[in-house]
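Note sheet for the following structure.
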Amino acid sequence: MSHDPGPAVAAPDGGVQLTAALHRDGFGLELDLAVAPGEVLAVLGPNGAGKSTLLGILSGLLRPDSGRLTVGGRTLLDTGAGAFTVPHRRGVGLLAQEPLLFPHLSALANVAFGPRARGTPRAAAEDRARTLLDEVGVGALAGRRPSQLSGGQQQRVALARALAPQPGLLLLDEPLAALDVDATPAMRSLLRRVIADGKQTALLVTHDALDALVLADRVIVLERGRVVEQGPAREVLARPRSAFSARIAGLDLVPGVAAPGGGVRTADGVELYGHAVEVAPGEPAVAVFPPSAVSVHARRPEGSPRNVFPVRVAALEPRGDTVRLRAGKADDGPDWVEGLAADVTPAAIAELAVEPGHEVWFAVKATEVAVHGRLS
């Protein structure tokens, strides 16, 4: 088998195109997927679904039984033609849970390593490294080794290193999972900005619905090596059709643009009040709140809640000690309430005498609503 095919074979529309089948020890993966140039595709799924196998095939660490892979117009894998490009020549970057920086090299040398390995002169490689370290907010730490950096700082250096060779595809393997709760929002915001500004094609593996919503344009859900669900991130998470996506999509999500007061303005002009997490007014954004933060009223409530909107009860879903009330559009209500949920007690349901088809009011305090930037 030839390890390095000759002249690149152009994919019809660039981006990433993969068709692959792999069977190992009772597990089978069969995929046919495409990622458009500049698109971010999130891959969700339970343990053992095939996410790591997919990353292995894309990175070149695994060879499928059959398949073909093109990235940015280059054919990296074609089992029918006997073509297989080795990992270090694929032009695929990786940002994983752990930074995996070279401990004996400075931050600058870590980031410059990729371009240097591809033949870029030292001065040019270090210039690019400095630029990227500045962009991810750790330019002043260029001379430090990983042991002298915090976990969040190391992950920023790792992001710069992954981007340094200008990869045709960036693989994001649970990149925020190992960060502490204080570092995660800033790193998520940074990833969103860097990916959007660079029009970077990326594939994100995550278990976090918020990561998928903020960072991805589109979502696929894997189960047992097959795609069982796919579509725009907000649609998949707001209307889950698989057991896994229903389990992780435990958030209410309302898309729009960030409003000056810290909330979100929806497409129909309604403003939901909340607190913004590193997002500027006018940027694409999403308001996020847990169903447990939603109170349900038979009539429009008065008093402290700033976010009040009518809904039609679409379904009542028993969930242990609570009942999840799923919303549909009321006659005079906004469209974006479709799929929103409120968790209430069975006693509250009995007191409201509510059934599917009834119109009620949802109320959410602004302090319960977090506003995050998202890809447009």
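The values are calculated or read from the model by the stated rules, or taken from the named source; none is laboratory data. All values derive from a computational prediction rather than experimental measurement. All Cβ positions, glycine included, derive from the backbone under ideal geometry; neighbour counts span all protein chains shown.
Points to keep in mind about this one:
- Here Asp173 clears all of (1) of a type in the set (D, E, K, R); (2) crowded, with 19+ Cβ neighbours inside 10 Å; (3) touching an Asp or Glu at 6+ places or on another chain (Cβ under 9 Å) except the condition numbered (3).
- Any hit, the stretch 209-225, residues being surrounded by fewer than 19 Cβ atoms within 10 Å (Cβ to Cβ), within 15 Å of Pro46 (Cα to Cα) and within 10 Å of the chain's Cα centre (by Cα): no
- Selection within the stretch 330-345: residues that are free of Cβ contacts under 8 Å to residues at least 60 places away in the same chain, of a type outside the set (Gly, Ala, Ser) and surrounded by 16 or more Cβ atoms within 10 Å (Cβ to Cβ). The member of this set that is farthest from Pro291 (Cα to Cα) is Val337.
- Pro167 being assigned to a loop (DSSP other than H, G, I, E, B) and buried (at least 22 other Cβ atoms within 10 Å of the Cβ): no
- Members of the stretch 92-122 that are under 29 Å from Gly73 (Cβ atoms) and among the aliphatic types (A, V, I, L, M): Val92, Leu94, Leu95, Ala96, Leu100, Val111, Ala112, Ala117
- Condition check for Pro185 on (1) assigned to a helix (DSSP H, G or I); (2) farther than 30 Å from Leu77 by Cα; (3) modelled with pLDDT of 95 or more: one failure, at (3).
- Enumeration of residues in the stretch 132-144 that are within 29 Å of the chain's Cα centre (by Cα) and farther than 19 Å from Ala186 by Cα: Ala142
- In the stretch 168-188 there is at least one residue matching the filter, namely being at positive phi and touching a residue at least 24 places away in the same chain (Cβ under 8 Å).
- Test for Pro103: is it closer than 26 Å to Val205 by Cα and touching a Ser or Thr at 6+ places or on another chain (Cβ under 8 Å): yes
- Residue in the stretch 347-367 that is nearest to Glu302 (Cα to Cα), counting only those that are surrounded by fewer than 15 Cβ atoms within 10 Å (Cβ to Cβ) and in contact with a strand residue (DSSP E or B) (Cβ under 6 Å, 6 or more places away or on another chain): His358
- Flag for Ala109 being touching a Ser or Thr at 6+ places or on another chain (Cβ under 9 Å) and modelled with pLDDT of 95 or more: no
- Exclusive hit being over 30 Å from Ser150 (Cα atoms), of a type in the set (A, V, I, L, M) and in the same structural domain as Pro240 (by TED's automatic domain parsing), set Leu62, Leu133, Leu101: Leu62
- Scanning the stretch 238-258 for residues that are among the aliphatic types (A, V, I, L, M) and under 23 Å from Ala178 (Cα atoms), we see that the one that is surrounded by the most Cβ atoms within 10 Å (Cβ to Cβ) is Ala249.
- Yes/no for Ala140 being out of contact with any Leu (no Cβ under 7 Å at 6 or more places or on another chain), hydrophobic (A, V, I, L, M, F, W, C), outside any strand (DSSP E or B) and at pLDDT below 95: no
- Flag for Val86 being over 23 Å from Ala216 (Cβ atoms) and in contact with an Asp or Glu (Cβ under 9 Å, 6 or more places away or on another chain): yes
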